[in-house]
Amino acid sequence: MNIFDLYKKKIIEIVEKAKSEKNIISTDNIEKINVDIPPNHFDCDISTNVAMILSKPNNKSPIEIANILIKLIMTDEVVENATVAKPGFINIKFKSNFWNKFLKDIISKNTNYGINLNENKKKYLIEFVSANPTGPLHVGHCRGAILGDVLSNLISFNKHQVTKEYYVNDHGNQILHFTKSVYLRILEIIKNTKYPTDDPNLYPGDYIIDIAKNILKNNKDLDFNNFDKISKKLTKLAVFESINLIKLNLNNLGISHDNFVSETDLVNNKEVDKVIEKLKKNNFIYSGKIKAPEGEDKSKWVERNQLLFKSTDFGDDKDRALQKEDKSWTYFASDVAYHNNKINRKFDILINILGADHAGYIKRIVSAVDALSGKKNKLVCKVSQLVKLIKDNKPFKMSKRKGDYITVEDLINEVGKDAVRFIMLSRSSDVELDFDFTKVKEKSKDNPLYYVQYCYARISSVFRNINKNISDEIKIQNYNFNYTNDEIKILKKISQWPKCIEISTYKLEPHRIAVYLYELSSDFHSYWNMGKEDKSKRFINDNNIVSDDKIVLLKAVSNVIKSGMNIIGAKTPEKM
RNA sequence: GCGCCUGUAGCUCAAUUGGAUAGAGCGCUUGGCUACGGACCAGGAGGUUCUGGGUUCAACUCCUAGCAGGCGCACCA
């Protein structure tokens with residue numbers, strides 16, 4: 001149960017009652033009230049701003065309103081005490097039987113505790129990674145990949161339906177250069193011709209050689225004498241190899257997509273032509289010229305007459321080109337077709353995860369979705385900022401020219417999948433992230449993954465000591481315990497879990513989960529250490545028994561850590 | 001020139017969708033292992049939340065004008 005939602009309803013009931021008894025006149029803005037967590041130094045469990053909200057419509061001071069309301073709040077059977085604080089907050093402390101009810105409920109829910117069932121179930125499509133299929137994933141792709149995956153976990157944790165999709169840009173010039181690179185590596189193998197290293201269009205990485213070898217191995221009767229004749233076939237083969245490489249990388253990160261949608265297929269199926277027609281009909285397309293941006297060297301600018309989409313109608317700074325000079329479609333044009341395809345599949349919410357370097361692309365694609373759906377379909381774009389790699393306090397540089405960038409594989413081999421996932425989520429995606437190799441490998445408080453896992457392992461060890469398993473179901477007859485303030489501190493933290501889930505989902509900010517788990521672990525470690533001086537706070541007593549109230553507490557903490565780590569996609573080992 | 005993101009303790013970052021006395025880790029400093037797991041804990045010092053204006057009972061949060069850093073701004077994808 002979400003005690004904040006629950007008590008908000010209660011407060012509204014109380015306000016209605018006060019109105020019917022003519023103690024207050026107006027309940028305007030009542031939907032704006034909050035039930036929140038009070039700051040630590042107050043000895044209470046929840047607080048509400050209701051008096052401040054009702055102050056104006058009733059033409060009374062918040063303190064006056066609060067004093068009227070606390071009399072009614074005090075009559076609630078679960079309330080021990082209600083007080084009014086400075087600007088007009090009402091602080092409420094529960095009787096200890098309240099926490100018993102709370103615990104009984106969350107223990108029965110197991111790892112389902114925290115699911116937000118207030119919303120109607122929706123169909124989500126989340127597109128993420130979508131890296132060019134020209135080689136393995138590198139660190140730059142990693143953060144967005146994890147962000148997308150964890151958002152999917154979060155959304156499906158809340159019982160919505162999620163489809164995870166990867167858009168394969170297997171069309172256009174980049175792919176042509178890529179195919180050419182593979183081709184030249186093949187020639188290098190079968191004809192011993194030297195691979196040109198000075199052509200900046202060609203891909204330098206050694207993995208191209210592996211792709212060439214694989215293609216040769218599986219296509220023994222293919223004739224490689226004429227590039228133009230086999231380029232289409234070769235592109236298909238090379239992209240296939242590349243995507244397999246990427247799938248492997250993703251797999252090692254614990255990520256799997258439901259669909260891979262091919263750009264070439266969209267073009268071949270004439271979906272681009274169709275969507276252009278649709279936009280033309282609705283008057284969003286014209287033939288015109290784009291002006292050079294201010295402040296840049298305009299001498300090299302070539303003005304061309306081309307097919308443009310009126311993205312400025314939707315707030316973009318310029319209209320966007322759909323067709324190249326040779327009349328082939330631009331990347332944007334086929335992406336518009338792809339998004340039309342998404343709209344036709346009737347999702348409620350579309351989400352795209354993009355890297356910081358593509359942030360400038362958002363307005364035009366959102367504009368396209370607005371135009372195509374008549375603003376009925378919403379596309380939400382989430383940007384993940386750069387990751388700065390640091391080793392021994394020095395930045396770690398990669399050179400794209402040499403193709404010596406650090407791959408996802410390198411990263412996982414160095415620090416492990418779970419650490420990569422947890423660290424990438426430990427900060428808001430809006431800020432650049434320092435990924436410090438040295439620290440991530442440390443097994444200390446510097447490393448939040450271990451800190452949280454250690455908490456779970458400690459709980460496991462208690463169960464192990466009494467010959468039980470942490471995942472065993474527990475059966476308690478009567479929830480009739482008296483928790484101390486130190487224990488209630490942990491319970492209060494646990495009570496915030498549904499709120500954490502709700503906000504993380506609403507704002508698409510999964511880092512809040514990592515932060516929360518760290519804080520919960522901190523509260524737990526703190527309590528654990530109290531047991532050193534105060535035996536009553538140890539979980540296992542002198543007779544090697546764990547009392548029921550402590551079992552329940554342990555179980556509640558471990559359930560939340562378990563489900564949080566499930567969402568993040570990191571393991572919770574019972575021993576470390 | 002324009003757009004997006006960021007600016008909070010010496011450093012790296014949080015801050016409950018506008019709440020009360022802005023919190024963690026690292027670093028500095030004092031203390032705690034015969035211990036249910038010390039991969040841990042308790043205490044101390046450290047702040048004009050980049051600046052100015054505005055909205056609000058209430059602003060790190062929203063609006064506005066600046067400053068600084070990052071990313072981007074053609075038919076690349």
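Is there a residue in the range A:94-102 that is surrounded by fewer than 21 Cβ atoms within 10 Å (Cβ to Cβ), within 15 Å of RNA strand B (Cβ to nearest atom) and small (Gly, Ala, Ser)?
Within the range A:94-102 (the criterion being surrounded by fewer than 21 Cβ atoms within 10 Å (Cβ to Cβ), within 15 Å of RNA strand B (Cβ to nearest atom) and small (Gly, Ala, Ser)), the answer is no, since none of the residues qualifies.
Could you grab me the full set of residues in the range A:120-151 that are in a loop (DSSP other than H, G, I, E, B) and in contact (Cβ under 8 Å) with a residue 60 or more places away in the chain?
A:Lys122, A:Phe128, A:Val129, A:Ala131, A:Pro133, A:Thr134, A:Gly135, A:Pro136, A:Leu137
Name the residue, out of A:Lys562, A:Lys475, A:Lys555, that is more than 26 Å from the chain's Cα centre (by Cα), at pLDDT 95 or above and under 20 Å from A:Ser108 (Cβ atoms).
A:Lys555
Please enumerate the residues belonging to the range A:503-533 that are aromatic (Phe, Trp, Tyr), crowded, with 17+ Cβ neighbours inside 10 Å and within 21 Å of A:Leu151 (Cα to Cα).
Matches in the range A:503-533: A:Tyr516, A:Tyr518.
Answer with yes or no whether A:Ala18 is touching a strand residue (DSSP E or B) at 6+ places or on another chain (Cβ under 7 Å), farther than 27 Å from A:Glu487 by Cβ and not assigned by TED's automatic domain parsing to the domain that holds A:Gln477.
No, not satisfied.
Collect the residues in the range A:145-194 that are under 24 Å from A:Arg345 (Cα atoms) and within 13 Å of RNA strand B (Cβ to nearest atom), keeping them in residue-number order.
A:Leu147, A:Tyr166, A:Tyr167, A:Val168, A:Asn169, A:Asp170, A:His171 - these are the residues of the range A:145-194 that are under 24 Å from A:Arg345 (Cα atoms) and within 13 Å of RNA strand B (Cβ to nearest atom).
For residues that are without any contact (Cβ under 8 Å) to a residue 12 or more places away in the chain and surrounded by 11 or more Cβ atoms within 10 Å (Cβ to Cβ), scanning just the range A:273-292, find the one that is nearest to A:Ser334 (Cα to Cα).
For the range A:273-292, the residue satisfying everything is A:Asp273.
Of everything in the range A:433-467 that's of a type in the set (Val, Ile, Thr), over 23 Å from A:Pro395 (Cβ atoms) and buried (at least 19 other Cβ atoms within 10 Å of the Cβ), which residue is nearest to RNA strand B (Cβ to nearest atom)?
Among residues in the range A:433-467 that are of a type in the set (Val, Ile, Thr), over 23 Å from A:Pro395 (Cβ atoms) and buried (at least 19 other Cβ atoms within 10 Å of the Cβ), the one nearest to RNA strand B (Cβ to nearest atom) is A:Val462.
Just need a number here: residues in the range A:418-443 that are over 16 Å from the mean Cα position of the chain (by Cα) and farther than 16 Å from A:Val408 by Cβ.
So the answer is 7.
Where residues in the range A:362-387 are within 11 Å of RNA strand B (Cβ to nearest atom) and in a loop (DSSP other than H, G, I, E, B), which of them is farthest from A:Ile285 (Cα to Cα)?
A:Leu386
Can you name the residue in the range A:307-359 that is in a helix (DSSP H, G or I) and in contact with a Lys or Arg (Cβ under 8 Å, 6 or more places away or on another chain) and is also farthest from RNA strand B (Cβ to nearest atom) among such residues?
A:Asn340
All but one of (1) under 26 Å from A:Ser130 (Cβ atoms); (2) at pLDDT 95 or above hold for A:Pro200; state the number of the condition that does not hold.
(2)
If you go through the range A:77-90 one residue at a time, how many are open to solvent by 10 Å² or more (accessible area, probe 1.4 Å) and either outside the structural domain of A:Lys8 (by TED's automatic domain parsing) or in a strand (DSSP E or B) (or both)?
Result for the range A:77-90: 6.
Taking interchain pairs and intrachain pairs at least six residues apart, which have beta carbon atoms under 9 angstrom, with the first residue in the range A:396-416 and under 26 Å from A:Asp199 (Cβ atoms) and aromatic (Phe, Trp, Tyr) and the second modelled with pLDDT under 65 and surrounded by fewer than 17 Cβ atoms within 10 Å (Cβ to Cβ)?
Close Cβ pairs (under 9 Å, with a partner that is modelled with pLDDT under 65 and surrounded by fewer than 17 Cβ atoms within 10 Å (Cβ to Cβ)) amount to A:Tyr405/A:Met398; A:Tyr405/A:Ser399.
List pairs: first in the range A:298-314 and within 22 Å of A:Ser367 (Cα to Cα), second of a type in the set (Ser, Thr, Tyr) and open to solvent by less than 60 Å² (accessible area, probe 1.4 Å), Cβ under 7 Å, 6+ apart or cross-chain?
From the range A:298-314, the pairs are A:Ser311/A:Ser367; A:Phe314/A:Ser367.
One line per residue, one yes/no per condition, for (1) out of contact with any strand residue (DSSP E or B) (no Cβ under 9 Å at 6 or more places or on another chain); (2) over 30 Å from A:Asn377 (Cβ atoms); (3) surrounded by fewer than 17 Cβ atoms within 10 Å (Cβ to Cβ):
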| site | (1), (2), (3) |
| --- | --- |
| A:Pro57 | yes, yes, yes |
| A:Thr75 | yes, yes, yes |
| A:Ile106 | yes, yes, no |
| A:Tyr124 | no, no, no |
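Mind listing whichever residues of the range A:161-178 are open to solvent by 20 Å² or more (accessible area, probe 1.4 Å) and part of a helix (DSSP H, G or I)?
A:Asn173, A:Gln174, A:Leu176, A:His177
Quick check on A:Ser558: is it within 15 Å of A:Lys489 (Cβ to Cβ) and either within 9 Å of RNA strand B (Cβ to nearest atom) or surrounded by 22 or more Cβ atoms within 10 Å (Cβ to Cβ) (or both)?
When the stated conditions are applied, A:Ser558 does not pass them.
Has the range A:190-197 got at least one residue that is among the β-branched types (Val, Ile, Thr), free of Cβ contacts under 8 Å to residues at least 24 places away in the same chain, open to solvent by 30 Å² or more (accessible area, probe 1.4 Å) and in the same structural domain as A:Ile230 (by TED's automatic domain parsing)?
Yes, because at least one residue in the range A:190-197 is among the β-branched types (Val, Ile, Thr), free of Cβ contacts under 8 Å to residues at least 24 places away in the same chain, open to solvent by 30 Å² or more (accessible area, probe 1.4 Å) and in the same structural domain as A:Ile230 (by TED's automatic domain parsing).
Hey, among the residues in the range A:4-29 that are among the hydrophobic types (A, V, I, L, M, F, W, C) and within 32 Å of the chain's Cα centre (by Cα), which one's most open to solvent (accessible area, probe 1.4 Å)?
So the residue we want is A:Leu6.
For the range A:324-334, indicate whether the set of residues that are within 21 Å of A:Leu508 (Cβ to Cβ) and open to solvent by less than 20 Å² (accessible area, probe 1.4 Å) is non-empty.
Looking through the range A:324-334, none of the residues is within 21 Å of A:Leu508 (Cβ to Cβ) and open to solvent by less than 20 Å² (accessible area, probe 1.4 Å).
With the requirement that a residue be among the small types (Gly, Ala, Ser) and open to solvent by 30 Å² or more (accessible area, probe 1.4 Å), what does the range A:468-502 give you?
Once the filter is applied, which keeps residues that are among the small types (Gly, Ala, Ser) and open to solvent by 30 Å² or more (accessible area, probe 1.4 Å), the range A:468-502 yields only A:Ser471.
The values are calculated or read from the model by the stated rules, or taken from the named source; none is laboratory data. Since the model is a prediction, treat every value here as computed from it, not as a measurement. Note that we place each Cβ from the backbone using ideal geometry, even for glycine, and neighbour counts take in every protein chain shown. Each accessible area value is taken on the protein alone, full model and side chains, heavy atoms only, with ligands, DNA and RNA left out. Shrake-Rupley method; radii C 1.70, N 1.55, O 1.52, S 1.80 Å.
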